[in-house]
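Beneath this line is the structure, given in C-alpha cells, with notes to follow.
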Amino acid sequence: WGGSFFFSKIAVGELPPLTVVLCRVTLAALALNAVVLASGHGLSADPALWRHLFVMGALNNVVPFSLIFWGQTQIASGLASILNATTPLFTVLVAHAVTADEKLTPTRLLGVVSGLVGVTVMIGPGAVASGGATLAKLAVLGAALSYGFAAIWGRRFRALPPVVTATGQLTASAAIMTPIALVADRPWALAPPSGRVVGAIVALALLSTAAGYLLYFAVLARAGAINVSLVTLLIPPSALLLGALFLGERLEPRD
C-alpha cells in the first residue's frame, strides 16, 4: 500500500481527486468481479448484506481515498503516508468503544504507540510539523479515523470469502463515487491524461486496491481489526522511498 501514495500523487497531478477515486475503485471493482465470476463464488443479492457493504465502501474507500487524494494535492506522498500511520491508534480507540473482544489494554496501547514512535523517530519529528498545509494534514488524519471505523465495521464480514467481501465493497464504492465525481468534476470535459497517469491509475487500482483488499479482508478475518490496521505502520518507508526516487520529494532534515 505504500505504492498507493506514490501512484495517487502522480494521478492527482493531472486529474481531480474525486475522478482519481472513481477510476481507482471502478477499475478495481471490475477486476475483482471478473475474479469472482471465474472462481464461481458469486455475489449475494441479500439487501441487508449490500447495506453493510455500502457502509464499508464509504468508510474504507470513498471517504478516506477522497480525503487523502485531496490532501496529496498540497502535501508530499511520503508525509501523507506518515499521517496515515495513525490509523492503528484510531482503530484501538474505536475498537475499545464499540467492541467487546478488542478492548484497550496496556500492552495493546504500548504496541501501537511504540509503532507510531518508531515511525516518528525514523522519519524525524519535524517532518509532520513542516510544510504548512494544515487542512491537508487534517484531511489525511480524517482518512485514518475513517479507516479505523472501517476496520471495526469489516468484522461482520469474517464469514465471507475475502474475494467476495473485497468485490462487494469496491462495487459499492464505485456506485457511490460515480454520481459524486460526475457532478463535481465533469470528467468528460477534462483533458485526456498522459500515459504516465493512466499507468499510475491502473497500478493504483489493480495492485494497491484489488490485490490489497484481498489481503486486507483475509488478515481481518484471521487477526482482527487492530492487527490489520498495523499495516499502515509499514507504509511510510516504501512511500518515502518511491517519492524520493521518482517524485523528487524531500522531507525537512532533522536537527
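The values are calculated or read from the model by the stated rules, or taken from the named source; none is laboratory data. Keep in mind that what you see is a predicted model, and the values were worked out from it rather than measured. Positions of Cβ are backbone-derived with ideal geometry, glycine not excepted, and every protein chain shown enters the neighbour counts. Surface accessibility is based on the protein's heavy atoms, side chains included, excluding ligands, DNA and RNA. Shrake-Rupley method; radii C 1.70, N 1.55, O 1.52, S 1.80 Å.
When N227 is tested against (1) of a type outside the set (S, T, Y); (2) within 26 Å of L79 (Cα to Cα); (3) without any contact (Cβ under 8 Å) to a residue 24 or more places away in the chain; (4) part of a loop (DSSP other than H, G, I, E, B), exactly one condition is not met: (4).
Evaluation of R250 against the conditions (1) out of contact with any Pro (no Cβ under 8 Å at 6 or more places or on another chain); (2) at pLDDT 75 or above shows that the sole unmet condition is (2).
Please tell me if I201 is modelled with pLDDT under 85, more than 16 Å from P162 (Cβ to Cβ), buried (at least 16 other Cβ atoms within 10 Å of the Cβ) and of a type in the set (A, V, I, L, M, F, W, C). Don't jump to the end; show me each part of the working.
Details: modelled with pLDDT under 85: no; more than 16 Å from P162 (Cβ to Cβ): yes; buried (at least 16 other Cβ atoms within 10 Å of the Cβ): yes; of a type in the set (A, V, I, L, M, F, W, C): yes.
For I201, the condition - modelled with pLDDT under 85, more than 16 Å from P162 (Cβ to Cβ), buried (at least 16 other Cβ atoms within 10 Å of the Cβ) and of a type in the set (A, V, I, L, M, F, W, C) - is not met.
Within the stretch 162-198, the residues that satisfy the criterion of being over 22 Å from I10 (Cβ atoms) and open to solvent by less than 50 Å² (accessible area, probe 1.4 Å) are P162, V163, V164, T165, A166, T167, G168, Q169, T171, A172, I176.
R156 satisfies every condition listed in (1) over 18 Å from V21 (Cα atoms); (2) at pLDDT 90 or above; (3) open to solvent by less than 20 Å² (accessible area, probe 1.4 Å) except (3). One residue alone among S44, S114 is outside any helix (DSSP H, G or I) and out of contact with any helix residue (DSSP H, G or I) (no Cβ under 6 Å at 6 or more places or on another chain), and that residue is S44. Scanning the stretch 74-100 for residues that are touching a residue at least 24 places away in the same chain (Cβ under 8 Å) and loosely packed, with under 14 Cβ neighbours inside 10 Å yields a single hit, V98.
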